[in-house]
Amino acid sequence: MQFIDTHIHLQDFKADFAPPVLDNPAARRFITVSAQAADFAKAATLAKAYPDKVVPAFGVHPWHWREGADTEEVRDYLRQFPNALVGEIGVDGLKEPPNEEQAQLFAAQLEIAREFARPVIVHAARAFPALTQFENALKKVKFVHHGFVKNRELIKFINKTGGYFGLGAHFLKQEKAVAMLAEMPKNKILFETDAPYQLREETYNQTVQENLAKLAVISGLSAAEIEELLIQNAEDFLKC
């Protein structure tokens, strides 16, 4: 199946420019996502080397709030790449409780996304209450909740704020995936891998096809139907 991977960290692959992945004829496009300022130049290089396949995203992940963020640098890269997204940004409770510094960083980057009218990749692991504090700001941007797993209250919140759902390997493993998917607007679901972290670089091409097939079964759609739906949704999400 043809696909668009809406969340991948190509700059962190071992292979230079990840040629086995980028040369895959089934891959229409990759959104290569930054986590820290040190990723920006690498993501930009990939986007310049593969302009038809790589769409960069620039932002500082909540795990890196202590390093600070030069928001003007984010703006500079968005000016250089008119198709670039903002991300991955957000709040996080995996490593430590969400805090005011995370929130301030998230708010500043959401404002940049609004200013440039760019789509946003949101990370909010174990941080639902903290995320809800940004309801009004999220309504002003186009965003995807990356790595959605199994929270019905979160589904309601994402629907309320008009967001997209980033569905990857973790979602596909959930026992209630069919029921949860039924509560998501079909035009708001996106396919992602979070490779090389949630999907191994060495088996990327094979595992992508396996995961797409699983998503087709969960959705009750044929392979051709899920392919068309996911590509159309991704194209709509990428429009600035």
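Couple of notes before you dig in:
- Considering the range 132-240, its Cα convex hull presents a mean projected area of 7.0 nm².
- Nonlocal amide H pairs with residue 189, under 5 Å, H built at 1.01 Å: 165
- FRET efficiency, residue 128 to residue 12 (Cβ-Cβ, R0 30 Å, nearest 0.05): 0.65
- Rounded to the nearest Hz, the phi-derived 3J(HN,Hα) couplings of the range 196-206 under the Karplus curve 6.51 cos²θ - 1.76 cosθ + 1.60 (θ = phi - 60°) are x, 8, 9, 8, 5, 4, 5, 10, 3, 4, 5, where x marks glycine and proline.
- Along the range 85-99 the Karplus relation, 6.51 cos²θ - 1.76 cosθ + 1.60 evaluated at θ = phi - 60°, assigns HN-Hα couplings of 9, 10, x, 9, 10, x, 10, 8, x, 6, 8, 6, x, x, 9 Hz to successive residues, with x for each Gly and Pro.
- Phi-based couplings in Hz for the range 133-144 (Karplus 6.51, -1.76, 1.60; Gly and Pro marked x): 5, 10, 3, 5, 5, 5, 5, 8, 10, 8, 9, 10
- Two-site FRET efficiency, residue 150 against residue 49, from Cβ-Cβ distance with R₀ of 30 Å, rounded to 0.05: 0.20
- Net length available on complete extension from residue 228 to residue 176 is 16.3 nm, with 0.36 nm assigned per residue and the Cα-Cα distance removed.
- Accessible surface of the chain [probe 1.4 Å, protein heavy atoms]: carbon and sulfur percent: 51
- Along the chain, longest interval not containing exposed trypsin sites (Lys or Arg not before Pro), exposed being DSSP loop plus at most 16 other Cβ atoms within 10 Å: 15-94
- Across the chain, Cα-Cα pairs more than 23 Å apart make up 45 percent of the total.
- Per residue, the range 49-98 exposes 45 Å² of solvent-accessible protein surface, assessed with a 1.4 angstrom probe and all protein chains in place.
- Computed [θ] at 222 nm, helices only, for the chain once each DSSP H run of length n ≥ 4 contributes -39500 (n - 2.57): -12000 deg cm²/dmol
- Label sites at residue 80 and residue 2, each approximated as a point 7 angstrom past Cα along Cα to Cβ, lie 3.0 nm apart.
The values are calculated or read from the model by the stated rules, or taken from the named source; none is laboratory data. Small disclaimer: the values here were computed from a predicted structure and weren't measured. Cβ coordinates were reconstructed from backbone atoms using ideal geometry, including for glycine residues, and neighbour counts include every protein chain displayed. In case anyone asks, the SASA skips ligands and DNA or RNA and just uses the protein heavy atoms, side chains included. Shrake-Rupley method; radii C 1.70, N 1.55, O 1.52, S 1.80 Å.
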